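J.: Sending over a structure as structure tokens; questions will come in a sec.
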Amino acid sequence: MRRSRRWLPGLLLVSPSIVAIGLFVYGLIFWNTRVALSGKHDEVSPYGFDKGKNFVDLWHQPSWPGAVKHALLFTAVFVLGALLLGAFLAFLMDKGIRGEASFRVVYLFPMAVSFIASGVVWRWLMNPAPPQRAVGFNQLFDKLHLSGLANDWWQDPSWGMAAMALPAIWQMSGYVMALYLAGFRSVPEELREAARVDGASEWKVYRYVVFPQLRPVTLSALIILGHISLKVFDLIMAIAGKQIITYVPAIATYVEIFDRHDPANGATIATYLLLAVAVLVIPYLVWSVRTERNR
């Protein structure tokens, strides 16, 4: 009884969370995997076991390779753009500009807006109409006599997904800025002063002293942005809808389940998304655990 008094209250406190996570996370993952491994390609057929055939057949669908390509392009532009812009904003803030608190609020504010709301606004800004009847950026370029900069934005067959990443960069760069700013402020001033005494320029101080200390911050931001980009759904739906030119795996899941009424294919795509996120998250968790143990 004395031993149980030590751990039983804590167990009772966290047990609702354990049950909820077990049911709504791992339970649903198990059910989704079961459907993905079944032959339930319509709403009336019984569940069966297809030995993973769905995972192979999916690559023979004409739209699936394009969806993967779009997701990779979106991820590359979004992650790289948000990291660079966030690091640059944090660098400016670290230099002690006036009104720093106000700038932090302005840069972080987009994160408080949902992807649906920002998608509606950016759909107007990235209207692909020609300058004569355009709105948003194309109209602005026309007014500034820069009509050559007007383009098709997200409707461009080759780089449409790169343009689709612009709203996501705008929305998440403030969050990355906050991570990097915290990292900048955690670097001891003594290290910077020692480098300056040794004759290092301000750029070399950041290049050889500050930025190497920010590798954990960069890794954390990379993991967070990467899994957001792989699962992006609401932003693309708000801007382009279910168009093949902006087809990504999350949109494909919705189409397979609710439009084509094919639960097995939809669950298969969802499983691929889970595996893609796991490839990013699991190594990061292993690295974090090892780092904590070494400390």
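J.: Given R₀ = 51 Å, what would the calculated FRET efficiency be for residue 61 paired with residue 7, taking r from the Cβ atoms and rounding to 0.05?
T.: The computed FRET efficiency comes out at 0.50.
J.: Please state, to two decimals, what the Cα-based radius of gyration of the chain comes to when divided by 2.2 N^0.38 Å (N = residues). Please report the intermediate quantities before stating the final value.
T.: Values: Rg = 23.8 Å, N = 295, 2.2 N^0.38 = 19.1 Å.
In units of the 2.2 N^0.38 Å rule of thumb, it is 1.25.
J.: Give me the percent relative contact order of the chain, please, defined on Cα pairs under 8 angstrom at least 6 residues apart.
T.: 27 percent
J.: At a 1.4 Å probe radius, carbon and sulfur cover how many percent of the accessible area of the stretch 67-294?
T.: That share works out to 66 percent.
J.: Pick out, in residue order, every one of the chymotrypsin sites (Phe, Trp or Tyr not before Pro) in the stretch 1-54 that is DSSP loop and has at most 15 other C-beta atoms within 10 Å; say none if there are none.
T.: In loop regions of the stretch 1-54 (DSSP not H, G, I, E or B), the sparsely surrounded chymotrypsin sites (Phe, Trp or Tyr not before Pro) are 47, 49.
J.: Work out from phi, with θ = phi - 60° and the Karplus expression 6.51 cos²θ - 1.76 cosθ + 1.60, the ³J(HN,Hα) of each residue of the stretch 208-222, listed in order in whole Hz, and give x for Gly and Pro.
T.: Values per residue, Gly and Pro as x: 10, 10, 7, 4, x, 6, 9, 4, x, 5, 4, 5, 4, 5, 4 Hz.
J.: Next up: What number of lysine-lysine pairs in the chain show an alpha-carbon separation below 28 angstrom, given a sequence spacing of 8 or more or placement on distinct chains?
T.: For the chain, the number of qualifying lysine pairs is 14.
The values are calculated or read from the model by the stated rules, or taken from the named source; none is laboratory data. Just so it is clear, the model here is predicted, and its values are computed rather than measured. Counting neighbours? That spans all protein chains shown, and the Cβs are built from the backbone with ideal geometry, glycine included. With ligands, DNA and RNA removed, areas are computed over all heavy atoms of the protein, side chains included. Shrake-Rupley method; radii C 1.70, N 1.55, O 1.52, S 1.80 Å.
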